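A.B. asks: Okay, here's the structure, questions in a sec.
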Amino acid sequence: MRRPFWDFYAHHIQDPGKQPLFLLLVGFIASFLFIRFSVRMIRRGVKWWPGNVTPGGLHIHHVVFGIFFLLVAGFTVFATDGSHPWIDVAGLLFGMGCGLVLDEFALLLHLEDVYWSEQGRKSVDAVIIGILFTGLLLLGYLPLGVTPGTPVRWGLIGIISVNACFTVVALFKGKFWSGMLGIMVPGLSWIAAVRLARPRSPWARWRYSQRPRKFARARRREARWHRRGDAARQWFFDLIAGKPTPPGVAPTRAHLFAERMAQRVAARLEHAAYAPLDQARVRRLARLNRLAAKHGPSTTPPTSAESARRRAAAARRRAIAAGRSKRL
């Protein structure tokens with residue numbers, strides 16, 4: 001007979017003490033999916049979705065809310081000494097904060113809004129890595145199967161050190177996912193480290209520049225296998241996160257709205273800060289010009305066109321004055 005879900009949950013999650021980590025993973029995935037759905041609705045410009053948070057015209061990125069959740073979770077754990085049920089609440093809040101912060105990892109890395117550009121894909125990479133690591137920890141896959149309380153042996157320390165070296169080599173060879181997952185799953189980074197490097201990796205630039213045959217093999221392997229894998233990964237990321245805006249394409253309505261709001265805020269701040277000074281200066285300069293025109297001749301002789309305009313203006317003033325005196 002098949003056990004109910006709650007028995008399975010109690011046996012594998014609650015009894016081993018993994019409920020805070022499970023809630024962290026749930027909050028992580030839920031916040032990432034929600035914020036990606038939100039930004040895609042805003043990008044499309046649908047009217048039924050609330051849109052960006054812009055109090056006073058200032059656009060607040062969701063990384064701010066993520067940092068707030070992280071701080072609340074940390075304060076909760078320290079204030080309650082990690083007791084139940086507060087640690088479960090802190091785990092959920094911490095996962096929500098991780099999802100919101102890592103979704104704008106590229107913005108923090110580049111210190112500019114590259115959310116819908118190609119550089120913004122670093123945020124998706126960071127989120128996927130975070131979710132995979134949390135899932136592996138939840139399943140019990142610690143590095144090389146080491147669990148707390150296991151007696152430390154020098155052989156195990158040596159294997160961990162060798163695995164770390166292979167992981168570094170795999171990363172230098174441009175095999176990011178194999179190297180990162182190899183930290184948790186032994187063997188992946190070893191296989192990636194002994195195989196050929198990717199043509200654009202630092203390892204290829206250092207080691208294959210004087211070996212044209214090896215470099216040609218790496219390019220052929222890249223064209224045959226890695227590009228297919230990259231295309232599949234690109235399709236999957238586009239499915240869950242949306243396609244980036246190609247360079248040279250017209251901006252979306254969300255971008256135009258953000259630019260208009262930023263221009264309004266800048267104009268309002270500029271008017272509030274500088275307009276009184278500019279108006280006072282204009283009035284002072286106009287007064288000085290009137291005094292100079294009344295009491296002193298101009299240093300530069302006026303042109304014929306300027307003289308004609310002045311004569312016409314004087315004639316109009318005399319005509320207006322004469323008309324007023326007749327009415328009176």
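A.B. asks: Could you run through segment 92-104 and say how many residues are touching a Ser or Thr at 6+ places or on another chain (Cβ under 8 Å), part of a helix (DSSP H, G or I) and either farther than 20 Å from Gln19 by Cα or among the basic types (Lys, Arg) (or both)?
C.D. replies: Number satisfying all stated conditions: 3.
A.B. asks: Within segment 55-74, identify whether any single residue is farther than 23 Å from Asp113 by Cα, open to solvent by less than 30 Å² (accessible area, probe 1.4 Å) and either part of a helix (DSSP H, G or I) or aromatic (Phe, Trp, Tyr) (or both), and answer yes or no.
C.D. replies: Among the residues of segment 55-74, at least one is farther than 23 Å from Asp113 by Cα, open to solvent by less than 30 Å² (accessible area, probe 1.4 Å) and either part of a helix (DSSP H, G or I) or aromatic (Phe, Trp, Tyr) (or both), which makes the answer yes.
A.B. asks: Okay, moving on. Going by what's in this entry, would Val89 be described as in contact with a Ser or Thr (Cβ under 8 Å, 6 or more places away or on another chain), open to solvent by 40 Å² or more (accessible area, probe 1.4 Å) and aliphatic (A, V, I, L, M)?
C.D. replies: yes
A.B. asks: Which of the residues spanning segment 56-102 are modelled with pLDDT of 90 or more and acidic (Asp, Glu)?
C.D. replies: Passing the criteria: only Asp88.
A.B. asks: Moving to a separate point now. Does Phe78 meet the test of being open to solvent by 80 Å² or more (accessible area, probe 1.4 Å), under 23 Å from Leu137 (Cβ atoms), in a helix (DSSP H, G or I) and free of Cβ contacts under 8 Å to residues at least 24 places away in the same chain?
C.D. replies: yes
A.B. asks: Quick one: how many residues across segment 104-115 are open to solvent by 20 Å² or more (accessible area, probe 1.4 Å) and either under 16 Å from Leu24 (Cα atoms) or of a type outside the set (Asp, Glu) (or both)?
C.D. replies: Of the residues in segment 104-115, 7 are open to solvent by 20 Å² or more (accessible area, probe 1.4 Å) and either under 16 Å from Leu24 (Cα atoms) or of a type outside the set (Asp, Glu) (or both).
A.B. asks: Then there's this: Among the residues of segment 43-54, write down those that are open to solvent by less than 50 Å² (accessible area, probe 1.4 Å) and among the polar types (S, T, N, Q).
C.D. replies: Correct list: Thr54 only.
A.B. asks: Cβ-Cβ distance below 7 Å, separation of 6 or more or different chains: which pairs start in segment 43-59 with a residue that is of a type in the set (Gly, Ala, Ser) and end on one that is outside any loop (DSSP other than H, G, I, E, B) and open to solvent by less than 50 Å² (accessible area, probe 1.4 Å)?
C.D. replies: As it stands, the answer is Gly45/Ala254; Gly51/Ile42; Gly57/Met261; Gly57/Val265, since those pairs meet every condition given.
A.B. asks: Further, regarding this structure: Any residue that is polar (S, T, N, Q) and farther than 30 Å from Trp235 by Cα - is there at least one of those in segment 19-32?
C.D. replies: Scanning segment 19-32 turns up at least one residue that is polar (S, T, N, Q) and farther than 30 Å from Trp235 by Cα.
A.B. asks: Inspect segment 25-41 for any residue being within 20 Å of Met96 (Cα to Cα) and not in a helix (DSSP H, G or I) and give the result as yes or no.
C.D. replies: The answer is no; no qualifying residue exists.
A.B. asks: Condition check: surrounded by 18 or more Cβ atoms within 10 Å (Cβ to Cβ) and without any contact (Cβ under 8 Å) to a residue 60 or more places away in the chain. Does Val101 satisfy that?
C.D. replies: yes
A.B. asks: While we're here: Can you tell me which residues in segment 85-110 are within 12 Å of the chain's Cα centre (by Cα) and closer than 17 Å to Leu137 by Cβ?
C.D. replies: Gly99, Leu102
A.B. asks: For segment 181-221, how many residues are closer than 30 Å to Leu139 by Cα, open to solvent by 40 Å² or more (accessible area, probe 1.4 Å) and touching a residue at least 24 places away in the same chain (Cβ under 8 Å)?
C.D. replies: Residues in segment 181-221 being closer than 30 Å to Leu139 by Cα, open to solvent by 40 Å² or more (accessible area, probe 1.4 Å) and touching a residue at least 24 places away in the same chain (Cβ under 8 Å): 5 in total.
A.B. asks: Test Leu25 against the criterion of being under 21 Å from the mean Cα position of the chain (by Cα), in contact (Cβ under 8 Å) with a residue 12 or more places away in the chain and open to solvent by less than 60 Å² (accessible area, probe 1.4 Å), and give yes or no.
C.D. replies: yes
Yes/no matrix, rows are residues, columns are (1) over 26 Å from Gln234 (Cβ atoms); (2) in a helix (DSSP H, G or I); (3) modelled with pLDDT under 85:
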| residue | (1), (2), (3) |
| --- | --- |
| Ala106 | no, yes, no |
| Asp113 | no, no, yes |
| Gln119 | no, yes, yes |
| Val127 | no, yes, no |
| Leu138 | yes, yes, yes |
| Pro151 | yes, no, yes |
| Leu156 | yes, yes, yes |
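The values are calculated or read from the model by the stated rules, or taken from the named source; none is laboratory data. Model, not experiment: these values are computed from the prediction. Here Cβ is always computed from backbone atoms with ideal geometry, including for glycine, and neighbour counts include all displayed protein chains. In case anyone asks, the SASA skips ligands and DNA or RNA and just uses the protein heavy atoms, side chains included. Shrake-Rupley method; radii C 1.70, N 1.55, O 1.52, S 1.80 Å.
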